[in-house]
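J.: Pasting a structure here, questions to come.
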Amino acid sequence: MSDLIRRDPRREWIIRNRLHPQHQDMLAELGGGAQTSEWMGPHGVMRKNPHAVGFTGPNGIRRIDRSGAQQAAQAPGRSAETKDARQRITIDTPDFMVAVVPDMVGGRLSAHDRDLLGLARQLADADPSQPGAVLAVVFGEHKETAFDEAGIDRLLHVEGERFSGYLPELKVATLQGVEREIAPRYWLLPDSNLGGGELGRRLAARLGERPAAQVWQVETASDSPTGWRCTARGAAGRDDITRALPRVVLALAECADPVSETRHACDPVTLAQGLPDILGRIEDLGEVAVDPASVALAEAEFILSAGNGVKEWDSYHHAAEVLGATKGASRVAVDDGYMPRDRQVGATGTWVSARVYVAVGISGAIQHLQGIQSCDKVVAINLDEGCDMVKRADLAVIGDASAVLAALVKRVEQYRFEQQENRDAA
Amino acid sequence: MLDTLLPILLFSALALAAIGAVRRVRLWRQGRPSSVPVIKGLMQVPRRYLVDLHHVVERDKYISHTHVATAGGFVLAALLAIVVHGLGLDSAILAWVLLAATTSMFIGSLLVAKRRSPPPSRLSKGPWMRLPKSLMAFSIGMFVVTLPTAGILPEGVFQSGVGWFAALVLAAVIVWGLGEMFFGMTWGGPMKHAFAGALHLAFHRRPERFSDATGGEHRSTGLKALKLDDESAKLGVEKPADFTWNQLLGFDACVQCGRCEAMCPAFAAGQPLNPKKLIQDMVVGMAGGSDAHYAGSPYPGKPVGEHKGDPHGPIVAREGTTLVDAETLWSCTTCRACVEECPMMIEHVDAIVDMRRFLTLEHGNTPNKGAEVLDNLIATDNPGGFDPDSRLHWAADLNLPLMSDKKEAEVLLWLGDGVFDMRNQRTLRAFISVLRAAQVDFAVLGTEERDSGDVARRLGDEATFQSLARRNIQTLSRYRFSRIVTCDPHSFHVLKNEYGELGTPQTPADYHVQHHSTYINELVVAGRLTFKAWKGGSVTYHDPCYLGRYNGEYEAPRDVLRALGIEVKEMARSGYRSRCCGGGGGAPITDIPGKQRIPDMRMEDVRETGADLVAVGCPQCTAMLEGVVEPRAAIKDIAELVADALIIETAAEKSPQRQEAPATPRPALEVTP
Amino acid sequence: MPHDVSNRAKSATPDGLNVAVLVSIGRHPLTARTRRADQDARAVEMALTLEGASVSLLHAGQHEREHEEALRGYLGMGIDSVNLIQQRPQADVVPALADALREGAPQLVLTGTRAETHEASGVLPYLLAEALGWPIITGLAAVEKVEQGMATVLQALPRGKRRRLRIRLPAIATVDTSAPAARQSAFGPAKRGALEPLDATSEVDEALAAWQVQPARKRPKRLKIVKSSSARDRFKAAAAKADGGGGQTLSDVTPEQGAEAIFKLLKEEGVLR
């Protein structure tokens, strides 16, 4: 479908002319079947039809909701049309290159990657007279379809069987090839534990560049030799180190805003020299299956915690397995011998910082609540609506623990199945 | 014949006993040196025995009477037998006295026999089952053999026909009796307790525990400091020989009466600790050998006969088993119930902490969360690892006066680590409202306060304790206050009893420290608090170990409760026999599994009284008891109860009758008896 | 000591594995007191648990009181001595460490992923690997076996996952917080252990002079980016309270409805994999 907005002068005229016999029909067409309450007048002024807005209240009085909620529900066609009104940018002859090596978690650009690309754009676009181009180097298979929207001008996609698995040495050798052929002005890598942090350090060591790690802010600075200055966390997050921006930058998430206003060419690039052939000293023997239950509680992201209210322990353990959650327990469950001591959550056990903490049958003793203080979202499944855990919870479901867990297991299994189908179909 | 035989028997038994005594003393002297006033100590024995020890034995009237009859009879009979039969002093009067003494001893031995039929589980069996018979043998033998001397039987009755035979039997009985009573006393028989016990009383490592003629409280519960700067000093106790010699002597004095076992909360909870067995293991270690001959209750879950040791071998092995397993030592809550009960005044807790010190300071093997807690104490001065600067965050709205601003105050309020615990913050708030209501001039240290070091010390980390204590002493030395008041009995105990040793001439650390219940009681007595009448249900009171047994404060909390109009329904185990909540000595941190939890047992005690509410005076007790699954009695700190009943006089102060405010009636005082 | 108890049979190399651990001065995140660095201590722990390994500790830095206390933290784990490569303040320790490692020729070098003081960029192990020409891996979780100059190891991945790698020795491996926690540091061994100073050339890191170091500022929280073209929507998104107020309580629902609500939350939070 074309992105161009097509105007129909005749229709607009009919809509303006309330006396036209087709006026109502045209309005209805514009409103997607319903009466239209708002449209653009001939001089660009918004016109409103107050009879078309609002609804009849319970007392038979017509009420108009001015919060805009009603309005948002309507006007469907228009937003689809405006969606891709972003500026399309092509940089044919860049003055320099800014190379980004995204993590590509799960084959897609992560939020961290996008932030980094946003930073790369800042560096590339700083001087309009000498535009730079953003080069992304992507290893192995990927599923990303929106490289252009993320602000990538050039894409070096290094493909092939050889690029699956853990290959830090090969990757560094490839990046070294990029350095030789393209010589980017900056190398930006995510300082993550998903590969980027490691690769960036390897690259810096290989190139003999002193990198800036844990960078969270990059600003222009006239007094800096590179024209840029960066602020990086040092001393395990206690210090801020401000220094000139070096060539290799390992940046933290949210170091810059991701690109949202523009679309870029994303022209494919290849290396003239081809891929390096190196003797790997590190051999990847594949991932090892690890029981999520064995993940240390303090590190766990998602905890399914059981307390006194859990009666069917098998169903609880099964649920934790299906959900892929780390198991936790209240003190009572541990004391009663249902769970090992290292699973105890609370001030007297482990202080946890999970993103989601699901408390099953835990009434919420104060020691326990203290232990989950830093959890983002707390879900309570409990029979007693008045208990402290329910008060603390962001979402509480009042009901029998095993029934809710069983239903949740069923729902998640169904979701997994759907996902599998989608993946197969794709 | 008997006339010649008896002196030989008597003196050879005495000679053997003397040899045994030398051997025994040499066993004790394997321990590290410890200087004691020898003569003065020996002189004190009668008083320590008759007053202090008897005071403990007296708690069990039956055995007290038994022991007076038996031991008194024996001591007298033994002395007279030496005079009458040994030296051949032919005095009818002495003989009559000897008869009376043996009779008394015989009656005593009957009572001993009765107590052991059948023996309660806390008593050791084995050779101890023989003891009443041996006592009877000695008393009967001596009685009969004295009859001719007293003139009841004709002289020479044992020298004819039947008499010869009787004399032989009698000689055999006397040999048995003498063997047990004289020979066994120093060669490791049950009577060893008399010999070792008497010397133990003379050379006790805490002579402060014994009363003197002036009367008053005699208590010594603070742990003794390790000399950490001394390169040659051992960090705690690794081998039996690392105990001081008088500690070893103390272990040897054990009569295996099992009173400690009956009181030990860890034993009752099925944790692998039995204080009696522990002391016996120390004796086994001192003498060398295995615990297979031990005839009492074992450590729960640990069969007898698998452990052995020697004086210079490790008590706790890094791997495998030697004399004692580490978890036995870590089960102790340091509640001192065993020490309080021990009629021989043995110091179990000192020994346990000595051994823990080695495990922590040398092995680096504090179990479970112990290592983490100690690391936190080192890095953040509190066991939870919280930011020390956030110490006063809970009280942001209270506008607490800070010592650093005021420099001096009547009362320095020591808040303790409870500041990081939301439950305890309620208690602290309550107590502060009480202080404000009584218009007390108080101040807190705020972020300058550190953990008192109690937990570190009980976990054996003497280094961390001393570091915390020294820094706290430094801080305290900068301010002027007339007393320290705290809501935490553990801090109370440490500040009161254990800091003194670490003070220096420039910064003395002898403070007047009070528990908040004591202080509230003073305020009540002084008429500075006014209470509403009590409307709640029935209340019982749980004595915190570190307040009661450690510091003898049993009455002030009860007085406060009475002043509130509460009649305390006492638990079966209260006062000096109060059962620990399980929260002391780092026990919740080391967390040694048992069959049940100590706080559950304590709440069961509460349930038996039918009380709706337990009054407590310790953050640990509060936390432990509140951890018991509902339904259970509510748990409130005394400060909370007082604060709830307060009649705050702010309105009265603002009104014109401000002067009359103190004269308003205090309903609480009306019910005070 | 645990690392020299019998059981050398399982070690593949006849002389046992020669492991060097690089240790640094740590700093507690809350109180900034010096201590043994957490990750480095985990590296020491990992080395001590390798059967039949002979472990040596290396530290490059100044010999001063505060540092000594922190280094004694490592000694307290049951180590007899720490080799202290003396360096001036502000020195670049890479050349000195590389020399020491070349000389000591360990088969495996363990260290924490990042230091707790100064730049703490975590680049040092990579620079050493580059200088020595040895392979390097990150996030070592366990050494499974060592044979014929190859080590089979487990690498820790986020969310508790593990990857098995085979790596040629000598090699450098970094250890992060997913490795087993370090054993308790005991006071006695810490006091008795020795610091053995080694003299070494000390090259000053000149770049440091140009840097400004100040206590970390709080990072501004990113506002939700609203791409809506409607001014009203953008305003509403900007002015909206951040997740305020109490939670939602679902009573009188069927288990299925409850489960659906929980499922939705789990999906939103992205914890379902």
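Please treat every number below as a calculation from the coordinates, not as lab data. No experiment lies behind these values; they were computed from the predicted model shown. Neighbour counts are summed over all protein chains in view; Cβ atoms, including those assigned to glycine, are modelled from backbone coordinates with ideal geometry.
J.: Which of the GluC sites (Glu not before Pro) across segment A:94-178 are loop residues per DSSP, with 16 or fewer other Cβ within 10 Å?
T.: Within segment A:94-178, the qualifying GluC sites (Glu not before Pro) (loop, at most 16 other Cβ atoms within 10 Å) are A:141, A:159.
J.: Among the DSSP beta bridges whose two residues both lie in segment A:265-399, what percent are antiparallel, rounded to the nearest 5? Numbers along the way, then the final one.
T.: Values: 0 of 20 bridges.
Expressed as a percentage, antiparallel bridges in segment A:265-399 total about 0.
J.: Find, among the GluC sites (Glu not before Pro) in segment C:43-112, those assigned to loop by DSSP (not H, G, I, E, B) with at most 16 other beta-carbon atoms within 10 angstrom.
T.: Details: sites: C:45, C:51, C:64, C:66, C:68, C:69, C:103; in loops: C:51, C:64.
Listed in order of number, the matching sites are C:64.
J.: Per-residue HN-Hα couplings for segment B:114-125, Karplus 6.51 cos²θ - 1.76 cosθ + 1.60 at θ = phi - 60°, whole Hz, x for Gly and Pro?
T.: 3J(HN,Hα) across segment B:114-125, in whole Hz: 5, 5, 9, 10, x, x, x, 5, 6, 7, 7, 9.
J.: Turning to a different aspect of this structure: Which cross-chain or sequence-distant (5 or more) residues have an amide H under 5 Å from the amide H of residue A:267, H modelled 1.01 Å from N in plane?
T.: Those qualifying (amide H under 5 Å, at least 5 residues apart or on another chain) are A:154, A:155.
J.: Given 37 °C and 0.692 mPa s, compute D for chain A with the Stokes-Einstein relation, Rh being the Kirkwood radius over Cα pairs; round to the nearest whole µm²/s.
T.: Values: Rh = 26.7 Å.
Estimated via Stokes-Einstein, D reaches 123 µm²/s.
J.: Which order results if A:55, A:163, B:158 are arranged by neighbouring Cβ count within 10 Å, fewest first? Please list the in-between numbers first.
T.: Numbers: A:55 9, A:163 17, B:158 23.
If I rank by nearby Cβ atoms, fewest first, I get A:55, A:163, B:158.
J.: Under unit Cβ charges (Lys, Arg +1; Asp, Glu -1), what dipole magnitude, rounded to 20 debye, does the protein assembly as shown have relative to its Cα centre? Walk me through the intermediate numbers first.
T.: Working: 156 positive and 166 negative charges, 451 e Å.
Computed charge dipole of the protein assembly as shown: roughly 2160 debye.
J.: Still on this structure, please answer the following. Which of C:154, A:306, B:315 sits closest to the plus end of the dipole of the protein assembly as shown, meaning its Cα is farthest towards the positive end, when Lys and Arg get +1 and Asp and Glu get -1 on the C-beta?
T.: A:306
J.: Now a separate question. How about residue B:125: which lysines have a C-alpha closer than 16 Å to its C-alpha, ignoring those fewer than 8 places off in the same chain?
T.: Partners within reach: B:114, B:133, B:192, B:276, B:277.
J.: Taking a point 7 angstrom from the Cα of residue C:199 along the C-beta vector, which residues in segment C:62-88 have backbone N less than 16 Å away?
T.: So the set is C:63, C:84-88.
J.: How much FRET efficiency would the formula 1/(1 + (r/R0)^6) give for residue C:147 and residue B:567, where r is the Cβ-Cβ distance and R0 is 56 Å, rounded to 0.05? Don't skip to the end; give the middle numbers.
T.: Numbers: r = 77 Å, r/R0 = 1.38.
Between residue C:147 and residue B:567 the formula returns 0.15.
J.: Next question, about the same structure. Kindly point out, ordered by number, any Cys in chain B whose beta-carbon has no other cysteine beta-carbon under 4.7 Å away.
T.: Cys with no partner Cβ under 4.7 Å: B:254, B:257, B:264, B:332, B:342, B:487.
J.: Only four residue types carry charge here, +1 at the Cβ of Lys and Arg and -1 at the Cβ of Asp and Glu. Report the dipole size of segment A:331-426 about the Cα centre in Debye, rounded to the nearest 20. Working shown, then result.
T.: On the way: 11 positive and 13 negative charges, 48 e Å.
Using Cβ point charges on Lys, Arg, Asp and Glu, segment A:331-426 gives about 220 debye.
J.: With a Förster radius of 45 Å, plug the Cβ-Cβ distance of residue C:212 and residue B:229 into 1/(1 + (r/R0)^6) and report the FRET value to the nearest 0.05. Intermediate results must be reported in sequence, preceding the final value.
T.: Numbers: r = 43 Å, r/R0 = 0.95.
The value I calculate is 0.55.
J.: In square nanometres, what is the average projected area of the Cα convex hull of chain B? Please report the intermediate quantities before stating the final value.
T.: On the way: hull surface 133.5 nm².
Its Cα hull, projected and averaged over all orientations, spans 33.4 nm².
J.: Further question on the same structure: Please give the contour-minus-distance gain from residue A:111 to residue A:126: 0.36 nm per residue of separation, less the Cα-Cα distance, rounded to one decimal in nm. Each step should come with its number before you reach the end.
T.: Numbers: separation 15, 0.36 × 15 = 5.40 nm, distance 2.25 nm.
Additional length available on full extension: 3.1 nm.
J.: Please compute the average number of Cβ atoms from other chains found within 10 Å of each residue's Cβ in peptide A:245-256. Could the numbers behind the result be given before it?
T.: Working: counts 0, 1, 0, 1, 0, 3, 0, 1, 1, 4, 1, 0.
Partner Cβ neighbours, averaged per residue: 1.
J.: In terms of modelled amide H atoms, which long-range or inter-chain residues lie less than 5 Å from the amide H of residue A:288?
T.: Residues meeting the criterion, in which the H sits 1.01 Å from N, are C:162, C:163, C:164.
J.: Cα to Cα, under 29 Å, and not fewer than 8 places away if on the same chain: which lysines meet these conditions relative to residue C:145?
T.: Qualifying lysines at Cα under 29 Å: A:171, C:10, C:161.
J.: Taking the Cα-to-Cβ direction at residue B:103 and at residue B:169 and moving 7 Å from each Cα, how far apart do the two end points lie in nm?
T.: 2.2
J.: Which whole number gives the average, over all residues in C:202-208, of C-beta atoms from other chains lying within 10 Å of the residue C-beta?
T.: Numbers: counts 0, 0, 0, 1, 0, 4, 2.
Mean partner-chain Cβ count within 10 Å for C:202-208: 1.
J.: Does a label point 7 Å from the Cα of residue B:125, set along Cα-to-beta-carbon, have any residues of segment B:235-273 with amide nitrogen under 19 Å, and which are they?
T.: Zone members listed by number: B:256-259, B:261-262.
J.: What's the exposure ranking of B:294, B:554, going from fewest to most Cβ atoms within 10 Å? Walk me through the numbers on the way to the answer.
T.: Details: B:294 22, B:554 17.
The fewest-first ordering by Cβ neighbours comes to B:554, B:294.
J.: Quick one: if you take sqrt(5λ) for each eigenvalue of the C-alpha gyration tensor of segment A:96-269, what semi-axes come out, biggest first, whole angstrom? Intermediate values should be presented prior to the final figure.
T.: Numbers: eigenvalues 104, 71, 48 Å².
Its equivalent ellipsoid spans semi-axes of 23, 19, 15 Å.
J.: Evaluate the distance, in nm, between pseudo-label points positioned 7 Å from the Cα of residue B:42 and of residue B:213 along their respective Cα→Cβ axes.
T.: Inter-label distance under the simple model: 2.2 nm.
J.: Using the Cα centre as the reference, give the magnitude of the dipole from point charges on the C-beta atoms of chain B (Lys, Arg: +1; Asp, Glu: -1; all else neutral), rounded to the nearest 20 debye. It would help to have the intermediate numbers written out before the result.
T.: Working: 71 positive and 74 negative charges, 287 e Å.
In debye, rounded to 20, chain B gives about 1380.
J.: Also, I was wondering about something else. Would you calculate a helix-derived [θ] at 222 nm for the protein assembly as shown, using -39,500 (n - 2.57) for each DSSP H run of n ≥ 4 and dividing by the full residue count, to the nearest 500?
T.: Values: 50 runs with 501 residues, N = 1372.
Taking each H run of at least 4 residues, the total per residue is -10500 deg cm²/dmol.
J.: Pop the C-beta distance of residue B:595 and residue C:161 into the FRET formula with R0 = 30 Å and round what comes out to the nearest 0.05. List each step's numbers first, then the result.
T.: On the way: r = 39 Å, r/R0 = 1.29.
According to the calculation, E is roughly 0.20.
J.: Using the charge dipole of the protein assembly as shown (Lys, Arg: +1 at Cβ; Asp, Glu: -1 at Cβ; taken about the Cα centre), state which of B:492, B:376, C:127 has its Cα farthest towards the positive end.
T.: With unit charges placed on the Cβ atoms, the residue in question is B:492.
J.: May I ask which residue of C:23, B:138, A:112 lies farthest towards the positive end of the charge dipole of the protein assembly as shown, with charges of +1 (Lys, Arg) and -1 (Asp, Glu) on Cβ and the Cα centre as origin?
T.: Towards the positive end, the residue furthest out is B:138.
J.: Peptide C:177-190: average number of partner chain Cβ atoms within 10 Å per residue? It would help to have the intermediate numbers written out before the result.
T.: Details: counts 3, 4, 0, 1, 4, 2, 4, 12, 5, 14, 14, 12, 5, 3.
Taking all residues of C:177-190 together, the mean is 6.
J.: What share of the DSSP beta bridges in the protein assembly as shown is antiparallel, in percent to the nearest 5? Can you show the working numbers first?
T.: Working: 46 of 142 bridges.
Roughly 30 percent of the beta bridges in the protein assembly as shown run antiparallel, per DSSP.
J.: I need the shape label for segment A:292-416. Rule: rounded when a/c is under 1.5, else prolate if a/b > b/c, else oblate, with a, b, c from the alpha carbon gyration tensor.
T.: On the way: a/c = 1.33, a/b = 1.16, b/c = 1.14.
Rounded.
J.: Right, here's the next one. Among the listed pairs B:535/B:569; C:218/C:267; A:143/A:410; B:496/B:532, which have their C-alpha atoms separated by more than 24 angstrom in this model? Intermediate values should be presented prior to the final figure.
T.: Details: B:535/B:569 15 Å; C:218/C:267 30 Å; A:143/A:410 29 Å; B:496/B:532 33 Å.
Among B:535/B:569; C:218/C:267; A:143/A:410; B:496/B:532, the Cα-Cα distance tops 24 Å for C:218/C:267; A:143/A:410; B:496/B:532.
J.: In addition: Amide H of residue B:483 versus every other amide H placed in the peptide plane: which residues, excluding those fewer than 5 positions away on the same chain, fall under 5 Å?
T.: B:412
J.: Could you state the per residue volume, in Å³, of the convex hull enclosing the Cα atoms of the protein assembly as shown?
T.: Numbers: hull volume 350.1 nm³, N = 1372.
Taking only Cα atoms, the protein assembly as shown has a hull volume of 255 Å³ per residue.
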